[in-house]
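Here the structure comes first, spelled out in structure tokens, and everything after it is commentary.
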Amino acid sequence: MATTLFDKIWDAHVVRSIASGQEVVYIDRHLIHEVTSPQAFDEIAARGLPLFRPGQMLATADHNVPTLHQDQPIREPLSRSQVDKLTENCQKYGVELYGLGHQRQGIVHVIGPELGLTLPGTTIVCGDSHTSTHGAFGAVAFGIGTSQVAQVMASQCLLLNRPQRMRISVEGELQRGVTAKDLILYVIAQLGTGGATGHFVEYAGSAVRALSMEGRMTVCNMSIEMGARGGLIAPDATTLAYVAGRPFAPKGADWEKAVAYWQTLYSDADAAFETEYTFDAQQITPMITYGTNPGMGIPLTGHVPSEVPEGEAESFDKSLKYMGFERGESLLGKQIDYVFIGSCTNSRIEDLRTVAAYVQGKQKAGHVEAIIVPGSKQVEQQAIAEGIDKIFAAAGFELREPGCSACLAMNEDKIPAGAYCVATSNRNFEGRQGPGSRTLLASPLVAAITAVQGRIVDITKYLN
Amino acid sequence: MEKFQTLHTTGVPLPLENIDTDQIIPARFLKATTREGFGTNLFCDWRYRADGTPKADFVLNSPRYAGQVLVAGKNFGCGSSREHAAWALYDAGFRAVVSSYFADIFRGNALNTGLLPLQVSDAELARLLAGIEADPQLALVVDLPAQTLQVPAWGAAFGFAIDAYKKECLINGYDDIDFLVNQKPAIEAYEQQRAWAW
């Protein structure tokens, strides 16, 4: 029978089905961080249970950590206590921890792939909705709640309903200045913030296949922003070239065996998807969001919609009021106060190289505060090795130490109330970057050009 | 998990779409390491000004409305996977959320917290929101065994779907950990027979 890529991987992980139709699904890799794990460890302890497969877990500290002076103790008491709790739990239960100061520390969705822990054909979960990032490798990866974190700790399995399948194909070549981030912001704007709820999305088509692994991670990362359970892309030569030789990737005969299996991971020609969309890559232009959910995106040169569906006017106008925008207006020329380049969506070396290539020899606008937060220690060190840090410094961009930072403002990196921030992160929700902050989501290239110009511009007129 | 009891209550209307979990419980409150106490900060930035005083126009501060059922616009609970959102609603006294659809992760988190995500049609949701706004005392009955949301004053009973296993879990206060730990022999057998493992 013709089978989708998603079902091939899911089927290979079903331990058994139960009468109601739910399935016991085996989890290969469980990633944890300081925010969503402490209550799960407590749950396990309260029941006197051991961790079933601690060797298949990996921990890092990312959400809460400061991005300055990581060599010193964390100053903020609650953040310090949560990070300390993670260290204590990992020691007690024998879980590998790449904590603050470790050479492999970083955002959980950045370090998994760069260490070769994220592999095609695997199931990966984490108490974080952006776990869908790992789907870029042809893995079934999705975010879970803390109760489920405890379930995986206790059994290495979850009891799940199989999602529906959706395929989103983007065909053709992306135009100059249009990146993976624009592609996914465009798709989310078309489907809406709940448009893929209940589905697992496979991204396909020539424009997707042409993306680097970093670009594919950006696309899969934002699957949750249209409600999808996860997103994935069939592994190919690009995937194998990225994975080969990474610290935890299979080696020698194991590699050959793995590759033979991975080459079977694609959707069969006649495989059925409950929902299919096809988009033309040529229609995609550099994007930006104007509202308070990631579905509220427009081309940089476009206008805020003047009409909204009946019944949605109250939410829509509340959103525009929060952002300080009007129906029907253009965002071009709007002054920007902050630029944030970072997060699990866009903090990889390729993103930093894109920014550096543009800002080299230029200067950020005087009124803009521009911070760049690398996704991991390895990204940070690579940037330094390539001399990118000096380009940033000369252009007035501040390169910080790794963490989730101003994406969700759990640490000190917050955008003040009322200020506008062009961010390469994934969410523009009210208060996401700090109470009252106003976020406009965009690509690293758009963010870099905005920082230099100090306002929203048509970037196609400013490309190097 | 507490057993889910039949609710005889009233509703609190929040007619906004796409309410994300960052609004339900902002990230800065996720530094706690226990499950309790999140209710105080439920909808914090909609509910309180920066100085901590309540905003009179937010529904949770209105003397008109009270009850154990939150009735909210479609796509409730989108965004972050934080289960703290379900804990905050539960801690604030809610036992069910009615919407015309829920984000997947929130739905699962609610069920694992003992909070019922009760999905009705768009038309039923609009009628309920209008009905509660017109009469805040409108009695609601949530009968999980019968899978109905009843409005006795209207002689109406709206049916809702729920997975049979999760329904039993809610009614009996069971969670998935016990079930999964009991699957250990099958899980170990699975690990032995896998065709490929990294």
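Can you confirm whether A:THR239 is under 30 Å from A:LYS318 (Cα atoms) and either of a type outside the set (Gly, Ala, Ser) or not in a loop (DSSP other than H, G, I, E, B) (or both)?
no
Based on this model, can you work out whether A:GLN103 counts as open to solvent by 10 Å² or more (accessible area, probe 1.4 Å), part of a helix (DSSP H, G or I), more than 9 Å from chain B (Cβ to nearest Cβ) and polar (S, T, N, Q)?
Considered against the rule, which asks whether it is open to solvent by 10 Å² or more (accessible area, probe 1.4 Å), part of a helix (DSSP H, G or I), more than 9 Å from chain B (Cβ to nearest Cβ) and polar (S, T, N, Q), A:GLN103 comes out as no.
From the residues in region A:200-250 that are among the acidic types (Asp, Glu) and within 19 Å of the chain's Cα centre (by Cα), which one is nearest to A:PRO163 (Cα to Cα)?
A:GLU202
Return the residue satisfying two criteria in turn: it lies in region A:311-325 and is at pLDDT below 95 and within 9 Å of chain B (Cβ to nearest Cβ), and of such residues it is least open to solvent (accessible area, probe 1.4 Å).
Selected residue: A:SER315.
Is it true that some residue in region A:118-129 is of a type in the set (A, V, I, L, M, F, W, C) and either in a helix (DSSP H, G or I) or modelled with pLDDT under 95 (or both)?
The answer is no, given that none of the residues of region A:118-129 is of a type in the set (A, V, I, L, M, F, W, C) and either in a helix (DSSP H, G or I) or modelled with pLDDT under 95 (or both).
For region A:253-266, state whether one or more residues are open to solvent by 20 Å² or more (accessible area, probe 1.4 Å), over 28 Å from A:ALA423 (Cβ atoms) and more than 14 Å from every other protein chain (Cβ to nearest Cβ).
Taking every residue of region A:253-266 in turn, at least one turns out to be open to solvent by 20 Å² or more (accessible area, probe 1.4 Å), over 28 Å from A:ALA423 (Cβ atoms) and more than 14 Å from every other protein chain (Cβ to nearest Cβ).
May I ask you to say which residue of A:ALA393, A:ALA417, A:ALA451 is within 12 Å of another protein chain (Cβ to nearest Cβ), modelled with pLDDT of 95 or more and over 22 Å from A:VAL110 (Cα atoms)?
The conditions single out A:ALA417.
Any idea which residue in region A:75-95 is nearest to A:MET153 (Cα to Cα), counting only those that are more than 10 Å from chain B (Cβ to nearest Cβ), in a loop (DSSP other than H, G, I, E, B) and more than 25 Å from the chain's Cα centre (by Cα)?
A:GLY94
Residue by residue through region A:182-198, note down the ones that are more than 9 Å from chain B (Cβ to nearest Cβ) and within 18 Å of B:ILE105 (Cβ to Cβ).
Those that are more than 9 Å from chain B (Cβ to nearest Cβ) and within 18 Å of B:ILE105 (Cβ to Cβ): A:ILE188, A:LEU191, A:GLY195, A:ALA196.
On the given criteria, is A:GLY143 of a type outside the set (Lys, Arg) and more than 14 Å from chain B (Cβ to nearest Cβ)?
no
Which residue is surrounded by the most Cβ atoms within 10 Å (Cβ to Cβ), if the candidates are limited to region B:15-61 and must be touching a residue at least 12 places away in the same chain (Cβ under 8 Å), within 7 Å of chain A (Cβ to nearest Cβ) and hydrophobic (A, V, I, L, M, F, W, C)?
B:ALA27
If we keep just the residues of region A:10-55 that are touching a helix residue (DSSP H, G or I) at 6+ places or on another chain (Cβ under 6 Å), open to solvent by 10 Å² or more (accessible area, probe 1.4 Å) and part of a helix (DSSP H, G or I), which is nearest to the other protein chains (Cβ to nearest Cβ)?
Across region A:10-55, the extreme among qualifying residues is A:GLU43.
Quick one: A:MET287 ticks every box in (1) within 20 Å of A:ARG216 (Cα to Cα); (2) out of contact with any Pro (no Cβ under 8 Å at 6 or more places or on another chain) bar one, so which box is it?
Here A:MET287 meets the rest and fails (2).
Check off (1) under 18 Å from the mean Cα position of the chain (by Cα); (2) surrounded by fewer than 19 Cβ atoms within 10 Å (Cβ to Cβ); (3) polar (S, T, N, Q); (4) over 28 Å from A:ASP413 (Cβ atoms) for B:THR113 and give me the number that stays unchecked.
Unmet for B:THR113, out of (1) under 18 Å from the mean Cα position of the chain (by Cα); (2) surrounded by fewer than 19 Cβ atoms within 10 Å (Cβ to Cβ); (3) polar (S, T, N, Q); (4) over 28 Å from A:ASP413 (Cβ atoms): (2).
Looking at A:THR301, A:THR218 in this structure, which one is hydroxyl-bearing (Ser, Thr, Tyr) and not assigned by TED's automatic domain parsing to the domain that holds A:GLU173?
A:THR301 is the lone residue from the list that is hydroxyl-bearing (Ser, Thr, Tyr) and not assigned by TED's automatic domain parsing to the domain that holds A:GLU173.
Looking for whichever is in a helix (DSSP H, G or I) and open to solvent by 40 Å² or more (accessible area, probe 1.4 Å) here; the options are A:LYS414, A:LYS390. Which one fits?
A:LYS390
Can you pull out the helices (runs of 4 or more DSSP H) entirely within region B:116-198 that have at least 2 residues that are closer than 30 Å to A:TRP10 by Cα and within 14 Å of chain A (Cβ to nearest Cβ)?
Per the criteria, B:164-172, B:176-181, B:184-193.
The values are calculated or read from the model by the stated rules, or taken from the named source; none is laboratory data. None of these values were measured; they are calculated from a predicted model. Counting neighbours? That spans all protein chains shown, and the Cβs are built from the backbone with ideal geometry, glycine included. Please note that ligands, DNA and RNA were not included when accessible areas were found on the heavy atoms of the full protein model with its side chains. Shrake-Rupley method; radii C 1.70, N 1.55, O 1.52, S 1.80 Å.
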